[in-house]
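To start, the structure under review is shown below, and the notes come after it.
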Amino acid sequence: MKAYVITIIDNPKSVKSAKKCIESGAKNGLTIEMFGAFTPNDGPINFLEERSIDPRGFREKYSRPLNCMSAFISHYSLWERSRDLNETIAIFEHDAIVTGKVPVDVEFDKVMTFSKPSYGSFNTPMNLGVDGLIQKRYFVGAHGYMVKPEGAKILIDEASKSAQPTDIYLGTHNFPWLQEYYPWVCMAADSFTTIQNETGCSAKHNNNDKYEIIDA
């Protein structure tokens with residue numbers, strides 16, 4: 001199974017974080033390669049409109065819209081890769097750390113997170129292995145999950161109707177069949193953001209003034 005970490009290639013902080021993700025994957029038997037992230041400089045509104053995706057779904061109070069769109073497009077591009085290669089893939093964000101063996105051999109239905117929620121309140125699964133989405137009605141952070149080709153196609157097709165910030169988009173309101181693997185084997189180890197604004201950082205990190213907002 002191929003695994004990718006979304007990386008802003010010309011941003012040293014992103015590359016450094018992605019290398020930590022790759023190293024943590026190697027320690028747990030998983031080969032992860034960098035995947036060049038889409039950024040605001042790449043024209044996210046044009047990309048979305050060419051695919052009949054409404055950019056207005058990314059305008060919310062916690063994020064910088066163009067950055068939020070770009071993050072979604074990075075994931076979307078990997079969904080396209082899974083669909084086109086007809087292969088199951090694992091997707092990581094640059095701040096992800098692999099903390100255990102990623103369940104590459106388990107059976108799951110279309111899309112499954114294996115990551116510990118990265119913010120706010122959440123539910124902890126009571127059962128081991130694969131279950132429905134338990135942590136919340138959406139992925140509490142899209143920093144580590146797996147997608148099958150058939151799942152990727154559905155995610156792509158639905159985007160023209162209800163695209164929004166990636167973690168919220170990956171929710172049971174859109175996809176009631178989403179699944180979760182426990183114990184979690186991935187976590188977000190972030191000290192900076194390329195997406196959120198000050199309001200988002202305050203909400204997610206309890207006014208931690210050491211959390212850095214960077215341009216990307």
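Tabulated results
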| item | result |
| --- | --- |
| Principal axis box of the chain, alpha-carbon based, largest edge first, Å | 38, 38, 31 |
| Fewest-first sequence of W79, W177 by Cβ atoms within 10 Å of each Cβ | W177, W79 |
| Span-rule helices in the chain, defined as complete DSSP H runs reaching 20 Å or more along the axis (Cα) with Kyte mean at least 1.0 | none |
| From the C-alpha gyration tensor of segment 40-160, square roots of 5λ in Å | 25, 18, 13 |
| Within-15-Å neighbourhood charge of E87 [Cβ basis; K, R +1; D, E -1] | +1 |
| Label-point gap, in nm, between E158 and E23 - each point 7 angstrom along Cα→Cβ | 3.6 nm |
| In nm, spacing of pseudo-spin labels at I9 and R59 (7 Å Cα→C-beta vector) | 3.2 nm |
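A short reminder: the numbers here are calculations on the coordinates, not readings from a lab. These figures come from a predicted structure and were not determined experimentally. Because the Cβ atoms are built from the backbone with ideal geometry, glycine has one as well, and the counts that use them run over all protein chains shown.
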